[in-house]
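*Asks:* The structure is given below, and queries will be raised subsequently.
Every number here is computed from the coordinates shown, using simple stated rules; none is lab data. Bear in mind the structure is a predicted one, so any value in this text is a computation, not a measurement. Note that we place each Cβ from the backbone using ideal geometry, even for glycine, and neighbour counts take in every protein chain shown.
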Amino acid sequence: MLMEEKDESRPYICKCRDKGKNNGIKRIGLIVLIGAIVLILCLSAISIVNPNSKTSPSKYTYISRGPILIDGDAAFTPANGVTGGSGAPGDPYIINNWDIQASTAHAIEILNTSAYFVIRNCYLHDGGVNYNGISFYNVQNGIIEYNVIPNGSDAKLIFHLK
């Protein structure tokens, strides 16, 4: 409802009186706006990995290298992809942050070891029907965590443990 009032300093003042008729619409609009902002923030924090993608997932910084073959405890060396550790229970060898294409050999193959080790944050892909993402034979004390081995690439885990 509009009312016009006469004021000495101004010739006319218009005042709009809202008696709650539009408050419901304003509240709904505000709720929708806040919901949209929350949804956008949540979606921007989610990392979606396509298992059929031929590119590395972006959560970690991977370093490309050839397949890793470790046969025996003495073969846990930097040349074989070890990035840290001593092989002891409290300080396992670390193999991490590698991007390995398994088209010519198993991405990571470990044989005949009793040393403690962790394979972590690696992207192992494109194994096809002949090669696997990770292959163990006669292995003790190994841990595999937070690796990406896409289903669509046929890279897989094979274990032959003692």
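*Asks:* In whole Å and largest first, what semi-axes does the C-alpha gyration tensor of region 63-160 yield when each eigenvalue is scaled by 5 and square-rooted? Write out the running numbers ahead of the final one.
*Replies:* Working: eigenvalues 86, 36, 26 Å².
Calculated on Cα positions only, the semi-axes equal 21, 13, 11 Å.
*Asks:* May I pose another question? What's the FRET efficiency of residue 138 with residue 65 using the Cβ-Cβ distance as r and R₀ = 22 Å, to the nearest 0.05?
*Replies:* Details: r = 24 Å, r/R0 = 1.10.
Efficiency, from the Cβ-Cβ distance: 0.35.
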